[in-house]
1. Take the residues in segment 317-344 that are modelled with pLDDT under 95 and aromatic (Phe, Trp, Tyr); name whichever of them is farthest from the chain's Cα centre (by Cα).
2. Going through segment 487-515 one residue at a time, which ones are over 18 Å from VAL564 (Cβ atoms), surrounded by fewer than 15 Cβ atoms within 10 Å (Cβ to Cβ) and of a type outside the set (Phe, Trp, Tyr)?
3. Kindly list, by first and then second residue, each pair from a residue in segment 268-287 that is without any contact (Cβ under 8 Å) to a residue 60 or more places away in the chain to a residue that is surrounded by fewer than 18 Cβ atoms within 10 Å (Cβ to Cβ) and not in a helix (DSSP H, G or I), limited to pairs with Cβ atoms under 9 Å and residues at least 6 apart or on different chains.
4. Kindly state which strands (runs of 3 or more DSSP E) lie completely within segment 97-140 and contain at least 1 residues that are at positive phi and either surrounded by 20 or more Cβ atoms within 10 Å (Cβ to Cβ) or free of Cβ contacts under 8 Å to residues at least 60 places away in the same chain (or both).
5. Any chance you could count how many residues in segment 699-714 are touching a helix residue (DSSP H, G or I) at 6+ places or on another chain (Cβ under 7 Å) and open to solvent by 20 Å² or more (accessible area, probe 1.4 Å)?
6. If you go through segment 295-313 one residue at a time, do you hit one that is assigned to a loop (DSSP other than H, G, I, E, B), open to solvent by 10 Å² or more (accessible area, probe 1.4 Å) and among the small types (Gly, Ala, Ser)?
7. Limited to segment 405-461, what total is found for residues that are farther than 27 Å from GLU597 by Cβ, touching a Leu at 6+ places or on another chain (Cβ under 7 Å) and among the hydroxyl-bearing types (Ser, Thr, Tyr)?
8. If we scan segment 475-497, do we find a residue that is touching a residue at least 12 places away in the same chain (Cβ under 8 Å), part of a loop (DSSP other than H, G, I, E, B) and under 25 Å from the mean Cα position of the chain (by Cα)?
Amino acid sequence: MICGAHFLCLEFHLLPLVCKLNVSLLPFSAQSCARSCGEKFNTCSCHATCESLKDCCADYKLFCLDIEPHSGSLLGGTDFKILNATFDVFHRFNSEILTEGYVDENGVGHCITPLLYESGWIPFEMSTDGVNYDRSGRWLSVHHSKLSPFYKIIFANATQWQYYGTPNVSGDLKMIWIPSLIKAERVNIELWGYNETGKAYSANWEAEWKYLYTVGRDVPNNGVFSFTPQIAEHLYSLWDLGSMRVSPSTKPDGARDVNALWSGAHAIAWHLEEAFRKDSAGWALEKCINWDKEEKAMPNFLTEITDCPCTLAQARADTGRFHTDYGCDIEAGSLCIYHPGAVHCVRAIQGSPEYGAGQQCCYDSTGAQVLTGDSIGGSTPDRGHDWGEPPYKKPPRVPGFSHWKYDVISFYYCCLWSDNCKYYFTHRPSSDCRTYRPPRAAAVLGDPHFITFDGVTFTFNGKGEYSLLHSSDYELSVQGRTEPMKFENGTVAMATRLSSVAMREKDSDVIEVRLRDQVDELQVLMNQQVLSFSEQKWIDLKGVFVFSPKPTDVTVMFPSGTGVEVRAGGGVMTLTILLPHDLQNHTQGLLGTMNDEPEDDFTSSNGVIIPLNSSAQDIFTYCAGWAIRNETSLFTYDSTHLLNEYYYAPKHDPSFIPNFSVTEDPEDPLLEPTLNLCAGEGASFCKYDALSMRSLEQGNATLLAYRSHTSTKKALEPVQSCGWLSPPNHGWKEGTLYLEGATVTFSCNSGYRLYGSQERTCQAGGKWSGQDTNHSNMSKETSLVKLTSLLIRQSCRQTESAAVIQTDLDVLALVNS
């Protein structure tokens, strides 16, 4: 069996191999799924929905392949098996191949994934004769750092590995892995190096993984290996970035695309040249200075990266644009090795427009930014985005490894192996938050209640499929499907709930999130095909990222910075949409026009505005007008129920008339506990749901969802920043908070006198009180302005010469006259 792939190219040479399938031949006239996966025919279907609709072609499973596992490291080496198809002929072959395939003793076909330079879903094809690639499937290539530790090599003491050869760091190095993931009794332990060569930002800039040498040969595959590092030959000791690999000892040294496990990228301190072991700090300084020269010759990416959120609360709430940096996660105990003093960091999800650069933002226990101007633990931007940037494959967009090449190994040179961070922070300074604008949030919750981007609240209990948000300028669409709710006895209530949300931006994959039959679980579909999060929590897709840490939570992130959060709880779905300021005045739909003018939020699809104090019936009629059409629908109809209720039926069901209000009957035994429960903000929604559904649990779920939305809005309130202040020369400052109301004080070393304000406060307009060191409104000759700026800047100057001080004052008086 031969496995081909759309990983890098389709042109490769193979020895023909014939595998006889254990299946009956289909009649010639029957429709076949060979080379037709995803197609729908008149008589049957090869589309992913065919199994639930029970109209699959007879050979669907044979040609549209399911595999297990369905994901693994982009470094390759994962052995996946092909489900639902067996082979009764087994051949091994020795040829130039893209991937390796074999058949096990049970007749099950396997493929080995190749080394890739990209993440996301990768289509592959399989052949049983080396000629006809008529079977296909898809493989999820995963950023190595996001991979579960069970599927990679783990260093027993990572610090020892990466500081080996520096003072007081020596001894044996140890690595561990799960033996069953390598199909061999004995293995080789290899070192591979990573580099990027060619002219930066040119067509010949290429990424390269290269086999360097074997550290351990033909050792037992027992999951543990230790060795005493030796200085490598000069040819190899020049490589300072790489990964360890474990592979079957039956394979040649450095054989590509074989069953293997890899470590993460690491600084290969343990094999560097003798000069490093003799004087690691001096060796690293030389490397740091060379890196400094290289950086000066490369384009400046700092001007195009986004600013950081001002507070930790903003950073965690802005889920459309920022996501947790796994190297410094407050939910995982804040083990921030590279950022001492920080408790949490986030990364900008999208790379910068031209250079694909990344942004990182770190925060301390008070929620304030940690900046490199104040601390070695400050956040740093990245020339290579840690998570890569589409279209990946080439520098500096290779997931993980471009970041190591340009941003991490240089940190070792300048900051960890030597004390020369000034070089590093010159090129990787923290971004403050002066230009950051938090997103706006809208929500749908309960059965269901709507909160628009401009804060208008209303209830709409129609049954159908509707446009929640549409922006023609950004080609962004979010649609919602509602269905009738049921009482505990199974009878239909005259109220509905949000049951599915479908969305797309430009030509991205279509993402749909819907309630599953299991209580409070969500199902995610990509282009009408179910996505599994059993192996990975984060999936890179075409024009969109999806994160699902647990079955009740899904977050979808688009390149515009739009974030869509879907949560399941209390038997209903809660939706939150976060829009960046760029979409101001560019939205329509049930969630209103985002323009800070609530009065026009009830704008119909044909432009008619109804008053905010309209009756419940008029609001119902207005909302019904936002029903979508089949031609514009993004939803999946993969069951008879969905076809009959939504595809063939009207998009807004005119026969479903809900209860527009609930009666608070003093004789109702549920009234008093409902009034006790439903108090404060969100009380009206809580009462409506508790009384209409006859359930305190339902009311409480709605109340909690409303309060959660309120907390999100509070976290995203704008915060004014005045920007970072430097300490005076020959002095120091107290205070590292630069937001409105914060005060920073300055002092001088003994023998120096402070020029400028001793205390400065960040004011509401974003300006510091006291002397402004960056601007001058004096219309004098340039030389005098420059001299004045020099004299009045925050600085400490020696005080032994009274004549010098008087001269300074005289010059200032002259300039101001």
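1. TYR338
2. Filtering segment 487-515 for residues over 18 Å from VAL564 (Cβ atoms) gives 487-496.
Checking which are surrounded by fewer than 15 Cβ atoms within 10 Å (Cβ to Cβ) leaves us with 487-492, 494.
The answer is GLU488, ASN489, GLY490, THR491, VAL492, MET494.
3. GLU273/ILE231; GLU273/LEU238; GLU274/ILE231
4. Per the criteria, 120-127.
5. Pass one, segment 699-714, residues touching a helix residue (DSSP H, G or I) at 6+ places or on another chain (Cβ under 7 Å): 699-700, 702-703, 706, 712.
Going one step further and asking which of them are open to solvent by 20 Å² or more (accessible area, probe 1.4 Å), we end up with 700, 706, 712.
The total comes to 3.
6. no
7. Residues meeting the conditions: 2.
8. Of segment 475-497, the ones touching a residue at least 12 places away in the same chain (Cβ under 8 Å) are 475-485, 487-488, 493-497.
Restricting the remaining residues to those that are part of a loop (DSSP other than H, G, I, E, B) gives 475, 487-488.
Adding the requirement that they be under 25 Å from the mean Cα position of the chain (by Cα) leaves 475.
Yes, segment 475-497 contains a residue that is touching a residue at least 12 places away in the same chain (Cβ under 8 Å), part of a loop (DSSP other than H, G, I, E, B) and under 25 Å from the mean Cα position of the chain (by Cα).
The values are calculated or read from the model by the stated rules, or taken from the named source; none is laboratory data. All values derive from a computational prediction rather than experimental measurement. Here Cβ is always computed from backbone atoms with ideal geometry, including for glycine, and neighbour counts include all displayed protein chains. Remember, those area values only see protein heavy atoms, side chains included, never the ligands or the DNA or RNA. Shrake-Rupley method; radii C 1.70, N 1.55, O 1.52, S 1.80 Å.
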